[in-house]
Structure formats: structure tokens, C-alpha cells
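For reference, the structure is listed below as C-alpha cells.
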Amino acid sequence: MADVAVAKSWRDELASLVEDSGIRFAGDAIGISTPTFSAPAFEEKRSVFESPATEEVTEEPESFRDQIEGFAKAWGEMLLELLRGCRDVVQQSLLTEESYIVQKTKGPLAEASKRLSVLNEFLPEDRDPVHAWPVIFFVFILAFSALSVKSKQDASGKLVKEMYIHPPSATRILLPDGRHMAYHEIGVPLDRARYSVIAPHGFLSSRLGGIPGVKVSLLEEFGIRLVTYDLPGFGESDPHPERNLNSSALDMQYLADALGVNSKFWVLGYSSGAIHAWAAMKFIPNRVAGVAMFSPFVNPYESSMTKEELTGTWNKWTRKRKLTYYLARRSPKFLDYFYRRTFLSGKHGQIDKYLSLSLGQKDKTLISEPAFEEFWHRDVEESIRQGSTKPFIEEAALQVSNWGFSLVDLQVQEKCSGKGILSWLGYGQVKCELTGFLGPVHIWQGMDDQVVPPQMTDYVARILPRVVVHKLPNEGHFSYLFFCDECHRQMFQTIFGSPQGPLEESTEAPTEDDGEQEAANLDLAAE
């Protein structure tokens, strides 16, 4: 009986352990049935704690965007907490009654608040001044900013003008090397011209530059044939693969020959166009009767300039202009970036902005006039016709690089040959001749010119004593040459004398000795 009791108690105990106790897990009953001793002893059931092998749970990976959003959100929360902490620190340390700032500003702020409290009368009765005035102040600032932006847009809108490339209209000649050169002439025709004047243009200009605003009637009164041309790569002239100042002088000579100017001609150089006039004086002096220059440019890196001349020149220029000269001398290719953002951007702009010029008051007044603006826009449009920065970079580099000569070489000197022991003993013959440029040179220089400062002309007058300098008080870089009828007349009278009109058909053109005769007359007048 004891054994049966023991066995029964064991079975009862086992049944009590495996029967449904009513315990639930995850909403499902743990189903274990009462075992029987028939095979199988237990019914095999799958545990709820085990996942079937075929139902693997795969978690999707977090995307990069989710990571960035989470990172930004976390940083935003951290920054917000930092600002709150800073605010609490300021409130607890600086804005307390005992703080130094509050003690110093409490009185003045109270006084100002008391005086401004009068403005509260303009507020509605149901508005709290503490809330109303900050809103009014914010709206005022917002409206003022909007009006400022609009006014700037309106002001800039007047200056912004799309560039227009006009149809080709120039007359061209064929040069010996196969290039074409475009030119423009006004005044009297060749067979009646008393004087032929060739004018190379300066930087960001074209054959349309010449003498801005000169009247054809004035040219006819003096019998002048004025010829202007496009430098290589400018306007409608073909580019030159390896141009320098020597090739520039030869181009001028070829142009004169092609146009039938068999005698000597005058050269007019303005601003940076003067470097081509200097080149003509050096490389083709026998073809040049005389030279007239206005604010002539000189290489600012010329070693023969004194310290005062260099300082006076460089101090007149803006930082950007100094940088362009430095790049033109050291790394010209970097100028491509500046040129494409200014005059090659397809939009017009002021000349002082495009060329980084500092102008005097008289020049500022002139460039704001409609006549100047119309001339400037048309000249620039013709200058950039080919849309390439290369000719401009070449021209800028020519201005500040080694010219192949110095202005000292143009000084008139006596050069003798045949000197030696035989000539000293009386058996040899000494032959002397004058070297340098023998023709007359006139320079007009505005004393208020900040583009080509007067110190450059002072340098020229020091090393070329025969040059006649006409100093113009209160005149700038543009104000004398541009659109000034009386100035043009004075210039022609100075270099050509009294007007004699064009030549008669039976009258011969001036001979090649006219330049030397003019120089002789000038020397006699100086004596």
C-alpha cells in the first residue's frame, strides 16, 4: 500500500505540474496536456519562446538619410539645451539686481522709458505697450530693409544693359603675313589731306575710339585725315599669334602703306594706346612725322623711374588695379577670370568699375553724361566682338612687361663713327649723326588724372627733355580729350599751326621732311 501510495503521489505531483494552470504568456496559454502513459508519453508542442526556422525576423537597415536626420536632431537638441543654459546663466548672473550691468543701465533705461512713454498714447487702449512696441519695431525694420533692397535694384537696373554685337561693318586690309586689319577713317580724303594722323586705341577700346566727339568739320578745317584701326584680336582685326611692340609698329607702317600714305604721318596715342606710339617712335622713326599724346602710359616697372615717381604713380591706383598689373606681369592667365566677370560678362557697366579706376570729380561728371555713356557702350561692344580674353590679356601683359627698349633710347643723341687712333692722328674721318626720335612730341597731361598719374609724365619729361608737356590744371583722364570742341581745336593749333584747310587738287602732299622742319621750328621757338 505504501508503494501504491508513493506511486500515486508521484503521478499526482507530475499531473499538477503539467496541467493547464491558467498562466498566460503574451496572450497565449502555455498549453501542456496531462500526460498519459500510452506512447507517446507527452504531446510534442512548439514553445512560444522559439521562432520557427522559416519565419526569421529581418530588421531593415537604417538609411543614410535617417542617420543624418537623427544626427541633426540630436545636435539641435543639444544646441537648444546649450542656449537655454546660457540664458539661465545670463539671467542668474548678469540680469540680477546686484549685477554691475543692471546697476549701471537701470537708471538711464528707466529715464529713457519714462520719456518714451509719451508714445504709448498713440497705441490703442487695448494694446499692451510691452508687446506692441517690439512688433512695431520689427515691422519697421523689415519694411526699411525691403525698401533698401528695392532701391538698390532700381539703381542697378539703370546701369545693367545687355551688350549687343553689331553686324560687321569695318573696311579691312590684308597684311603681308596673311592677317586682316580693320580700320576706320574720317576727315578729308587722301588726295586732299594736308596731315595724316594714325591713332592706335587703348585697352578695352576699338577703331571707333579715335578722338571721341571730334567734328568732321574741324578735321576738314585743318586738312586732317584721321585713321584709326583695331589692334590684333580686337574688333574685326585678326589676332596675331606672337605680337609684341615691334610687330605693333610694323602693323602701323603696313596700314599707312596700304592706305596710300607715302609720306610721314602723325601718331596720336591716348592712355595705354601710347605704348604703340612709343613703339612707332622706336621701330619706325623714319615714317613718323610727330607724336601727340594724352595722358601717356609708361611701364610702371621701368627701372629708370625714381622712387618719388614710382610712389606717386602707384599710390593713385586702387588695390584691384595694382593686383591686375601684378598678375599681368607675373601670371597673365589669371586675368581671364576677372575679364569674364566684367566686360566679357555680356552686360554693360561703368568704366571705373570695369577697369578698377579711381577718378577725379571732373571725370566722374563726364562719364555720367549720356553722350559719354553711348560712346562707351558702343566702343566696348566693338572691342569685345570676338568674345576672347586672349587679346586683352596680351595687351595688359604688353603694358607692364619688357618692351624691348627703354624710353631713354628715344632720347636724341649724337653718335659718331670712325673714332680711333687713325682719326686722332688726322688720317681718319669722323662721321656723326643724331640718333633717337627726331620729330616733335607733345604731351597733354591732366593734373587731376588718377588713371595715368602726372608722375608718369614727369618721368618722360625728365628723360626726354625735347618733349613739350602741356599741363592741364583741374583736368582728369577723360575730361580734356573727350567731347571737347575747344580742346580739339587747341590741340590741332598747337601741333599744326593755323588751319589752312584741305589741299587743293593740284597741290602736292607734304614731303617727308615736314617732321624735321617742325622739329627745327620747335627748337627755334624754344630758344
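Set the bar at 26 Å for Cα to Cα. Now go through Lys215/Lys264; Lys333/Lys471; Lys316/Lys353 and name every pair that lies beyond it.
Numbers: Lys215/Lys264 24 Å; Lys333/Lys471 37 Å; Lys316/Lys353 16 Å.
Exceeds cut-off: Lys333/Lys471.
If the viscosity is 1.002 mPa s and the temperature 20 °C, what Stokes-Einstein diffusion coefficient in µm²/s follows for region 176-241 when Rh is the Kirkwood radius over Cα pairs? Could you put the intermediate results ahead of the total?
On the way: Rh = 12.6 Å.
Calculated translational D: 170 µm²/s.
Sorted by mean Cβ packing within 10 Å, highest first, what order do the peptides 465-474, 195-204 take? Numbers along the way, then the final one.
On the way: 465-474: 14.3, 195-204: 24.6.
My ranking of the peptides, most packed first, is 195-204, 465-474.
May I ask you to derive the relative contact order of region 271-367, considering only C-alpha pairs under 8 Å and at least 6 residues apart, and to give it as an integer percent? Show your work: numbers first, answer last.
Details: 47 pairs, mean separation 20.1, N = 97.
For region 271-367, the relative contact order is 21 percent.
Need one word for region 232-305: rounded, prolate or oblate. Basis is the Cα gyration tensor (sqrt eigenvalues a ≥ b ≥ c); a/c below 1.5 gives rounded, then a/b vs b/c decides. Let's see the in-between values first.
Details: a/c = 1.81, a/b = 1.23, b/c = 1.47.
Taking the square roots of the gyration eigenvalues as a ≥ b ≥ c, region 232-305 is oblate.
Can you put Asp409, Asp379 in order of accessible area, largest first, using a 1.4 Å probe?
Accessible-area ranking of Asp409, Asp379, largest first: Asp409, Asp379.
Which value, in Å² rounded to 10, gives the accessible area of Glu242 with a 1.4 Å probe and all protein chains present?
Looks like 150 Å² after rounding.
Accessible area, 1.4 Å probe, largest first: how do Ser217, Ser331 sort?
Details: Ser217 75, Ser331 40 Å².
Accessible-area ranking of Ser217, Ser331, largest first: Ser217, Ser331.
Report the antiparallel proportion of the DSSP beta bridges in region 199-343 as a percent, rounded to a multiple of 5. Numbers along the way, then the final one.
Numbers: 0 of 8 bridges.
Rounded to the nearest five, the antiparallel share is 0 percent.
Using 10 Å bins from zero, what percent of all Cα-Cα pairs in region 262-314 falls into each bin?
Calculated over all Cα pairs of region 262-314, the distribution is 24, 42, 26, 7, 1 percent.
The values are calculated or read from the model by the stated rules, or taken from the named source; none is laboratory data. Predicted model only: the values in this text are computed from it and were never measured. Note that we place each Cβ from the backbone using ideal geometry, even for glycine, and neighbour counts take in every protein chain shown. Quick note on the areas: whole protein, heavy atoms, side chains included, nothing else; ligands and nucleic acids left out. Shrake-Rupley method; radii C 1.70, N 1.55, O 1.52, S 1.80 Å.
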